[in-house]
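Heads up: the structure comes next, in structure tokens.
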Amino acid sequence: MFDYTGQNVVVVGGTSGINLHVAISFAQAGANVAVASRNADKVNSAVELLKQANPSGTHIGVSFDVRDENALAIGFATIAQTYGHIDVLVSGAAGNFPASAAKLSNNGFKSVIDIDLIGSFQVLKQAYPLLKRPKASIIQISAPQAYIAMPLQVHVCAAKAGVDMLTRTLALEWGIEGVRINSIVPGPIEGTEGFNRLAPSEALQQKVASSVPLQRNGQKQDIANAALFLASDMASYITGVVLPVDGGWSLGGASIAMTELGSLAAKHGL
Ligand code: COA
Ligand code: NAP
């Protein structure tokens with residue numbers, strides 16, 4: 001449905017889960033795709049999948065930790081050398097674990113802020129000079145924790161709220177140059193590290209599904225579909241938007257998370 005032939009797409013944190021699926025979907029739509037994350041083996045495997053998805057595209061992988069400014073600069077220099085410019089940036093590197101605020105160390109809190117929020121800022125700054133202006137599109141992968149308080153998630157709530165304010169602020173600053181930036185907020189997405197960490201049993205995942213107005217947990221393809229749309233010309237007047245793709249889950253305050261995460265804490269002494 002969408003044609004990205006010849007466009008250069010960079011997916012940071014694009015080597016597993018939701019973001020890898022987004023990267024593969026852009027490749028299937030004809031794009032050249034670069035993926036980046038810390039683990040070199042994951043990076044290499046992801047590039048192989050991109051080649052299978054679109055054998056005629058130019059796909060590369062770069063390894064860096066978004067907390068490491070120098071490594072980021074080297075990675076983006078490789079991207080610049082390969083493509084010259086970026087049409088679409090997807091920024092989705094993140095970390096999460098359940099922990100109560102009282103027991104979470106300052107460094108545990110800081111790690112998630114450093115990856116999700118400061119890491120996202122650093123990625124955006126590195127990509128900015130390479131973005132095709134006008135018409136470049138940026139998509140940040142946020143989370144419902146950005147606007148729904150959840151127990152055991154103080155670090156993620158604080159970090160992702162900041163991520164969405166980056167989206168809104170940069171829509172103002174960079175919109176003038178024709179660069180669009182939006183956040184996608186995935187709901188509970190099946191078969192992912194993030195969902196498995198917060199709902200670590202089939203029974204719990206089923207309970208979450210029944211709390212979603214559309215009565216199912218999400219698929220990675222649901223998020224990829226939204227990304228393909230938001231980065232396309234069909235969305236050329238949409239910027240600064242925080243778009244939940246969650247079957248309506250956040251409308252009900254993601255209430256199952258509150259009760260279930262609370263009992264998870266009690267059970268595991270978090
Ligand atoms: N509960 C409480 N604290 C935890 C924790 C947990 N489950 N896991 C890590 N921490 C704390 C550590 O104790 C440490 O703090 P300390 O120095 O005071 O002891 C701090 O967080 C950093 O831990 P470390 O293991 O050094 O972090 P890292 O930089 O290697 O990894 C994480 C970052 C912790 C976010 C790790 O879970 C990760 O890499 N996640 C990426 C994948 C992921 O989370 N996917 C889900 C989708 S977002
Ligand atoms: P995932 O598979 O763990 O994806 C995280 C990605 O980020 C991986 O590629 C990981 O690769 C990379 N990464 C992590 N820390 C990094 C760092 N410091 N530097 C560079 N790369 C780093 O998790 P997921 O569940 O699919 O989540 C993907 C995104 O969706 C995240 O932004 C998450 O907050 C969001 N989200 C997920 C859900 C869900 O249901 N799963 C719901 C809402 C929001 P390396 O380990 O190689 O670094």
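Throughout, read-outs are computed from the coordinates displayed, never taken from laboratory work. Not measured: the values here are computed from a predicted model. Positions of Cβ are generated from backbone atoms using ideal geometry, with glycine treated the same way; all protein chains shown enter the neighbour counts.
For the chain, set up a Gaussian network in which alpha carbons nearer than 10 Å are linked by springs, and say which option among 52, 122, 153 fluctuates the most.
52
Any idea what % of Cα-Cα pairs in the stretch 132-270 are farther than 17 Å?
Working: 5880 of 9591 pairs.
Here the long-distance tail beyond 17 Å is 61 percent of all Cα pairs in the stretch 132-270.
Order of 256, 139 from fewest to most other C-beta atoms within 10 Å? If you can, show how the numbers build up before the last one.
Details: 256 19, 139 26.
By the 10 Å Cβ count, ascending: 256, 139.
How many times 2.2 N^0.38 Å is the alpha carbon radius of gyration of the chain? Each step should come with its number before you reach the end.
On the way: Rg = 17.9 Å, N = 270, 2.2 N^0.38 = 18.5 Å.
Output field value: 0.97.
Restricting to DSSP H runs of at least four residues, report the calculated mean residue ellipticity at 222 nm for the chain, -39500 (n - 2.57) per run over all residues, nearest 500 deg cm²/dmol.
On the way: 10 runs with 120 residues, N = 270.
It lands at -14000 deg cm²/dmol.
If a helix is a whole DSSP H run, which ones in the chain reach 27 Å or further along their own axis (Cα) and hold a mean Kyte-Doolittle hydropathy of at least -1.0? If you can, show how the numbers build up before the last one.
Working: long enough: 154-175 (31 Å, 0.63).
Helices meeting the span and hydropathy rule in the chain are 154-175.
For every other residue with a beta carbon closer than 11 angstrom to the beta carbon of residue 242, add +1 if it is Lys or Arg and -1 if Asp or Glu, then tell me the sum.
Net local charge, residue 242 excluded: +1.
Filter 51/160; 160/207; 125/160; 110/267; 42/267 down to the pairs with a C-alpha to C-alpha distance above 27 Å, please.
Numbers: 51/160 32 Å; 160/207 24 Å; 125/160 18 Å; 110/267 25 Å; 42/267 33 Å.
51/160; 42/267, as the Cα separations exceed 27 Å there.
Quick one: putting +1 on the C-beta of Lys and Arg, -1 on the C-beta of Asp and Glu, what dipole do you get for the stretch 123-256 around its Cα centre, in Debye to the nearest 20? Numbers along the way, then the final one.
Values: 11 positive and 9 negative charges, 48 e Å.
That gives the stretch 123-256 a dipole magnitude of about 220 debye.
Picking from 237, 128, 147, which is most flexible by a Gaussian network model of the chain using Cα springs under 10 Å?
Of the options given, 237 has the highest mean-square fluctuation.
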